[in-house]
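I have placed the structure first, in the form of structure tokens, so that the comments after it can refer back to it.
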Amino acid sequence: SNLYDFDPAQHTVADSELTGLDRWILDAFAKLDADVRTAFDKCEFHIAYQRITQFVSVELSAVYHDTVKDRLYTSPANSPRRRSTQTTLYRLVQGFAKMLSPMLVFTADEAWEAISHLDSASVHLTDWEPFEFSITAEESANWETMFAIRERTLPMLEEARQAKQIGKSLEACVTLAGSGRELEIGQAHGEDLRELINISQLKLEAGEGEELQVAVTNAKGEKCERCWRWEPTVGSHDDHATLCNRCVEAVNQATS
């Protein structure tokens, strides 16, 4: 479990300090929660089922889980980004157990029993309160822009794969060139955007046109055997010759 070392009493991150992607998924889940409640109130259980299935398949799995797995598996155990995501997952798993309990009575209860540090022995002994979380209009607009950039970038990565230029997306360096809002958002949220596209390196450059132009090249450096990202720092540590700086830090913290 990604929560095996998470103690909410010690490791919970405040809403204002959560990473942007964590805030985005919690906001999306709050909207899902409201939609499912409305469907239940109208006895439109097929709509609730469809809405939940779509959310789990797209927002939660294809986007969120695929993006945060790197920080969960390779970041130092107590790094702010990892604890932020664990805080988010802890809230999501409780929210899902409560949401699904009217439909999947036994499965939801088994899931609840697997969650540590809870007061209630059964999900059916808890209240399903509205899930409260929202991001600002500016945050929402920023994420819409980043997802639009991602959607234009993924086909370019696929073209590079088909041409045998790269194998996996982590072998790529993506250069985005343009002007205006998209460039500003990319520069302000570069690490979030790099994670979202799932590449090793991202460059943002001034260029012509409001819409960013996408170019795919091979990432510089060598492949880190721990995180699989291509980094110029791989090989710079004699005691960990196959690791990048970030992974060396994580390993040293874990063994100190």
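The values are calculated or read from the model by the stated rules, or taken from the named source; none is laboratory data. Bear in mind the structure is a predicted one, so any value in this text is a computation, not a measurement. Because the Cβ atoms are built from the backbone with ideal geometry, glycine has one as well, and the counts that use them run over all protein chains shown.
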>> Pairs please, first residue from the stretch 10-23 and modelled with pLDDT of 95 or more, second anywhere and part of a loop (DSSP other than H, G, I, E, B), Cβ atoms under 8 Å, 6+ apart in sequence or on different chains.
In response: His11/Asn78; Asp15/Phe133; Gly20/His189; Arg23/Phe133; Arg23/Ile135
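Give the number of residues within the stretch 209-256 that are assigned to a helix (DSSP H, G or I), of a type outside the set (S, T, N, Q) and without any contact (Cβ under 8 Å) to a residue 40 or more places away in the chain.
5
Considering only residues of the stretch 81-116 that are outside any helix (DSSP H, G or I) and over 20 Å from Ala48 (Cβ atoms), which is modelled with the lowest pLDDT? Write out each step before concluding.
Step one: filter the stretch 81-116 for residues outside any helix (DSSP H, G or I), giving 101-104, 115-116.
Add one more test, that the residue is over 20 Å from Ala48 (Cβ atoms), and what stays is 115-116.
Numbers: Ile115: 93, Ser116: 87.
This residue is Ser116.
Just to check your reading of the model, which residue among Asp66, Asp70 is part of a helix (DSSP H, G or I), closer than 26 Å to Val248 by Cβ, at pLDDT 95 or above and touching a Cys at 6+ places or on another chain (Cβ under 7 Å)? I'd like the intermediate steps shown before the answer.
Numbers: Asp66 fails: touching a Cys at 6+ places or on another chain (Cβ under 7 Å).
Residue meeting the stated conditions: Asp70.
Tally the residues that are touching a Lys or Arg at 6+ places or on another chain (Cβ under 8 Å) and surrounded by fewer than 18 Cβ atoms within 10 Å (Cβ to Cβ), restricting the search to the stretch 77-110.
Of the stretch 77-110, the ones touching a Lys or Arg at 6+ places or on another chain (Cβ under 8 Å) are 79, 81-82, 85, 108.
Next, only the ones that are surrounded by fewer than 18 Cβ atoms within 10 Å (Cβ to Cβ) stay: 79.
Total meeting the criteria: 1.
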> Restricting attention to the stretch 147-186, which residues are modelled with pLDDT under 95 and either hydroxyl-bearing (Ser, Thr, Tyr) or not in a helix (DSSP H, G or I) (or both)?
Replying inline: Gly178, Ser179, Gly180
>> Based on this model, can you work out whether Met156 counts as surrounded by fewer than 19 Cβ atoms within 10 Å (Cβ to Cβ), touching a residue at least 40 places away in the same chain (Cβ under 8 Å) and not assigned by the TED database to the domain that holds Arg81?
In response: yes
>> I need every pair where a residue in the stretch 51-80 that is under 14 Å from Leu92 (Cβ atoms) has its Cβ under 6 Å from the Cβ of a residue that is at pLDDT 95 or above and of a type in the set (Gly, Ala, Ser), sequence separation at least 6 or different chains.
In response: Glu59/Ala28
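Could you list, in sequence order, all residues of the stretch 122-136 that are of a type in the set (A, V, I, L, M) and touching a helix residue (DSSP H, G or I) at 6+ places or on another chain (Cβ under 8 Å)? Spell out the reasoning first.
Keep residues of the stretch 122-136 that are of a type in the set (A, V, I, L, M), which gives 123, 125, 135.
Those that are of a type in the set (A, V, I, L, M) and touching a helix residue (DSSP H, G or I) at 6+ places or on another chain (Cβ under 8 Å): Val123, Ile135.
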> If you scan the stretch 117-133, which residues turn out to be under 28 Å from the mean Cα position of the chain (by Cα), within 20 Å of Leu3 (Cα to Cα) and at pLDDT 95 or above?
Replying inline: Val123
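Closer than 27 Å to Leu193 by Cβ and not hydroxyl-bearing (Ser, Thr, Tyr) - does that describe any residue in the stretch 32-45? Can you show your working first?
Residues of the stretch 32-45 closer than 27 Å to Leu193 by Cβ: 32.
Narrowing the set further to residues that are not hydroxyl-bearing (Ser, Thr, Tyr) leaves 32.
Looking through the stretch 32-45, at least one residue is closer than 27 Å to Leu193 by Cβ and not hydroxyl-bearing (Ser, Thr, Tyr).
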>> Here's a check for you: in the stretch 116-143, which residue that is crowded, with 16+ Cβ neighbours inside 10 Å and among the β-branched types (Val, Ile, Thr) is nearest to Asp22 (Cα to Cα)?
In response: Ile135
